[in-house]
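See structure below.
The values are calculated or read from the model by the stated rules, or taken from the named source; none is laboratory data. Quick caveat: nothing in here was measured; it's all calculated off a predicted structure. Here the Cβ positions follow ideal geometry from the backbone for every residue, glycine too, while neighbour counts run over all protein chains shown. In case anyone asks, the SASA skips ligands and DNA or RNA and just uses the protein heavy atoms, side chains included. Shrake-Rupley method; radii C 1.70, N 1.55, O 1.52, S 1.80 Å.
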Amino acid sequence: TVASDGRWDRFPSRYAVHNSAEGWGLGGNVLALSVDGGPLHVFGDDAQLDFRSPQGDGRLSDPETLPLLGAALWRSGVPSGDVALGTGTPLGSFSLERAKAKEFLEGRELEVVSSLGEHRRYRIVKLVLRPQSVAATIHAINRGVLRRGNGMAAVLDFGSRTCDVVTIDLGTMDPITQLCFSVQAGVNDVASGMSALIEQATGFAPSSPRVALEAIASPVNIRGKTIGGFEAAEPVLRSVADRLRDALAVRYGDAGNMISVLVPVGGGAIVLGSVIETVLPAAEIARLGPHDLPYANALGYFQEAERAVWR
């Protein structure tokens, strides 16, 4: 989430009923929020067990997403009042979700109450919806990472389950809609592969992808054994990158030879690191800054919402 004062926040899209540790003397007091009179929930990394993680084509028009929306507004620091909401869906579900999401969210009021008794009320006066990868492309253009030139550019938004691909003509900076698509390869595939390595080495299969992903960044100690780090994880990363490369080759066909620039975005691009360069080996890599990379879509949503308000 990105608010008008530049405040950034990011958390996994899940929530669980809050079990308070108040008065235990061990800390552990976390932010819990109630949305529209519902139960207190904790969000993101604070939701460890029995959590809800609404997914699917109808997620923005599904009442189960309202707690996540209320938490995002709260954690961005937006005060009570009218808001123009910039958000999005995966590329593959955008056309199905757009009308339903606008009908469900525009004009809706949300009352959010924290576990400390603070109240905020939001009214969504305008919904600006963009496909996730398109929002990241808009941000890359606004940042000057994508510039006019020859050939085509591919923006790869490597998410948890899918990789969304937006292809633009660098001569006109227009999208080539026939070459915009989603493929089935994501961070969850990396986590599954790393979990298998951990189980093979220790006999323990992590139930949370978070453990597996942490083991990629640096070694972890499990059952008295140290495992992980990039060297151990590299075969897993390359296997997923190879799957992505093969899927792109099928979808692009001969047009893949015209891709001159590759822009990797999203948290998945951080996980894959340098192996992302192998998915389109002939393309030059154009990178967003490390602070922009995981927020590329959110920044694109914010810029589009701001533009819709002021134009």
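Note on the chain: with charges restricted to the Cβ of Lys and Arg (+1) and Asp and Glu (-1), its dipole about the Cα centre is near 320 debye. At the listed q of 0.09, 0.20 Å⁻¹, the Debye profile of the stretch 32-159, built from one uniform point per Cα, gives log10 I(q)/I(0) equal to -0.32, -1.21. In the stretch 86-218, one over the average inverse separation of all distinct C-alpha pairs is 18.1 Å, which is the Kirkwood hydrodynamic radius.
Of all complete DSSP H helices in the chain, those with a Cα span along the helix axis of 15 Å or greater and a mean Kyte-Doolittle hydropathy of -0.5 or more are 94-105, 132-142, 187-202, 230-252, 296-310.
When a 1.4 Å probe is rolled over the protein heavy atoms, the share of accessible surface on the chain that falls to carbon and sulfur comes to 51 percent. Placing +1 on the Cβ of every Lys and Arg and -1 on the Cβ of every Asp and Glu, with nothing else charged, gives the stretch 159-278 a dipole about its Cα centre of roughly 440 debye. Excluding same-chain neighbours fewer than eight residues apart, the lysines reachable from Lys126 by a Cα-Cα span under 22 Å are Lys100, Lys102. About the centre of its Cα atoms, the stretch 138-188 shows a dipole size close to 160 debye [charges on the beta carbon of Lys, Arg (+1) and Asp, Glu (-1) only; nearest 20 debye]. Here the chain is treated as a Stokes sphere of Kirkwood radius computed over C-alpha pairs; at 25 °C and 0.890 mPa s its diffusion coefficient rounds to 118 µm²/s.
Excluding ligands, DNA and RNA, the accessible surface per residue across the chain is 50 Å² with a 1.4 Å probe. For the chain, DSSP calls about 65 percent of its internal beta bridges antiparallel.
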